[in-house]
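First the structure, in the form of structure tokens, and then the observations on it.
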Amino acid sequence: MRKKIVAGNWKMNKSFQEAEELISVIAEELDEKELDCDVVVCPPAVYLEMISDYAEESGLSVAAQNVSAHDNGAYTGEISAYMLNSMNIEYSIVGHSERRTYFNETNADLAKKVDMLLENNMKPIFCIGELLDQREENVHFDIVKQQMEEGLFHLNEDEFSNVVVAYEPVWAIGTGVVATPEQAQEMHNYIRLLISEKYTNEIADQTTILYGGSCNAQNAATLFANEDVDGGLIGGASLKPDDFVKIVMSF
Ligand code: 13P
């Protein structure tokens with residue numbers, strides 16, 4: 001059985017004290033529950049150590065939101081996979097649409113970040129997804145295929161088996177317009193097909209594919225009920241502990 005995951009991407013939100021309050025409430029609420037999925041928290045980098053301490057106690061995993069494409073050295077302001085791994089951070093998001101859009105990250109840059117993570121025994125949560133006009137022009141499958149090919153398909157089978165894919169249609173991120181369960185299932189099924197064609201059916205079957213984009217406490221269960229939707233990458237709703245816990249309990 002492949003892993004089910006609910007991950008909360010906090011983006012650039014919360015003071016240190018607010019972040020500590022948020023993680024402590026989430027950890028406390030989840031502590032009392034039997035979970036059918038893994039829970040990953042993705043705080044801003046400056047809070048990783050504090051969040052890790054809470055996470056370790058309560059069995060949650062931690063992800064960075066970004067990682068450098070470079071090894072260690074003279075890259076002021078960057079954070080390397082080597083550093084993250086030395087702090088026992090298990091995952092990093094790679095290629096979130098906000099980074100692709102605002103920081104001009106290309107598939108080629110992202111392929112390097114993926115390599116850095118894997119070389120340092122970390123797992124990428126690799127984000128893909130089309131813009132609204134690309135869906136309207138009916139090229140959304142081509143876009144997703146290109147992102148998979150250029151960002152991930154240089155990996156060998158062993159390497160790829162450490163990757164989590166997150167399908168986040170850009171038109172759904174932070175807009176309140178969620179993909180329909182049918183749209184999500186259709187694209188997740190297509191992504192799994194691409195993986196089986198590139199690698200094997202078995203690897204495709206084992207790959208966790210998350211949905212992200214206006215996923216909330218009300219719609220999570222109908223999204224997660226789909227065969228190929230293995231959980232969610234949650235933005236806004238992950239900042240509200242009760243909503244996030246409800247989403248985690250949606251399987
Ligand atoms: P929202 O859940 O706020 O739409 O954000 C999704 C997202 O970008 C998660 O990475």
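For the stretch 1-25, enumerate the residues that are open to solvent by less than 60 Å² (accessible area, probe 1.4 Å) and within 16 Å of the ligand (Cβ to nearest atom). Please lay out each step first, then the result.
Step one: of the stretch 1-25, the residues open to solvent by less than 60 Å² (accessible area, probe 1.4 Å) are 2, 4-11, 15, 19, 22-25.
Hits for the stretch 1-25 are 5, 6, 7, 8, 9, 10, 11, 22.
Scanning for something of a type in the set (Phe, Trp, Tyr) and away from the ligand (no atom under 16 Å from the Cβ), does the stretch 161-181 turn up at least one residue?
Start the filter on the stretch 161-181 by keeping residues that are of a type in the set (Phe, Trp, Tyr), which leaves 167, 171.
Keeping just the survivors that are away from the ligand (no atom under 16 Å from the Cβ) gives none.
No: zero hits.
For residue 243, indicate whether it is farther than 20 Å from residue 177 by Cα, at pLDDT 95 or above and either open to solvent by 10 Å² or more (accessible area, probe 1.4 Å) or within 14 Å of the ligand (Cβ to nearest atom) (or both). So residue 243 does not fit the description; no.
Output yes when any residue across the stretch 190-209 is more than 12 Å from the ligand (Cβ to nearest atom), under 22 Å from residue 22 (Cβ atoms) and surrounded by fewer than 16 Cβ atoms within 10 Å (Cβ to Cβ), and no when none is. Reasoning before the result, please.
Taking the stretch 190-209 and keeping what is more than 12 Å from the ligand (Cβ to nearest atom), we get 190-209.
Applying the additional criterion that residues be under 22 Å from residue 22 (Cβ atoms) yields none.
Among the residues of the stretch 190-209, not one is more than 12 Å from the ligand (Cβ to nearest atom), under 22 Å from residue 22 (Cβ atoms) and surrounded by fewer than 16 Cβ atoms within 10 Å (Cβ to Cβ), which makes the answer no.
Criterion applied to 187, 122 was being modelled with pLDDT of 95 or more and either within 16 Å of the ligand (Cβ to nearest atom) or farther than 27 Å from residue 83 by Cβ (or both), and the one residue passing it is 187.
Of the residues making up the stretch 38-70, those that are open to solvent by 10 Å² or more (accessible area, probe 1.4 Å) and within 19 Å of residue 99 (Cα to Cα) are 44, 45, 46, 65, 66, 69, 70. Within the stretch 1-48, how many residues are part of a loop (DSSP other than H, G, I, E, B) and not aromatic (Phe, Trp, Tyr)? Total satisfying the criteria: 17.
Given the stretch 84-188, what helices (runs of 4 or more DSSP H) lie entirely inside it while holding 3 or more residues that are open to solvent by 10 Å² or more (accessible area, probe 1.4 Å) and under 21 Å from residue 207 (Cβ atoms)?
On the way: elements: 97-102, 107-119, 132-136, 140-151, 157-160.
Ranges flagged: 107-119, 140-151, 157-160.
Return a yes/no flag: does the stretch 48-66 have any residue that is modelled with pLDDT of 95 or more and in contact with a Gly (Cβ under 8 Å, 6 or more places away or on another chain). Looking through the stretch 48-66, none of the residues is modelled with pLDDT of 95 or more and in contact with a Gly (Cβ under 8 Å, 6 or more places away or on another chain).
Taken over the stretch 71-83, the criterion of being open to solvent by 20 Å² or more (accessible area, probe 1.4 Å) and within 19 Å of the chain's Cα centre (by Cα) is satisfied by 79 alone. Counting only residues that are within 9 Å of the ligand (Cβ to nearest atom) and outside any loop (DSSP other than H, G, I, E, B), how many does the stretch 211-238 have? So the answer is 7.
The values are calculated or read from the model by the stated rules, or taken from the named source; none is laboratory data. No experiment lies behind these values; they were computed from the predicted model shown. As a convention, Cβ positions derive from the backbone with ideal geometry for all residues, glycine included, and neighbour counts pool all protein chains shown. Remember, those area values only see protein heavy atoms, side chains included, never the ligands or the DNA or RNA. Shrake-Rupley method; radii C 1.70, N 1.55, O 1.52, S 1.80 Å.
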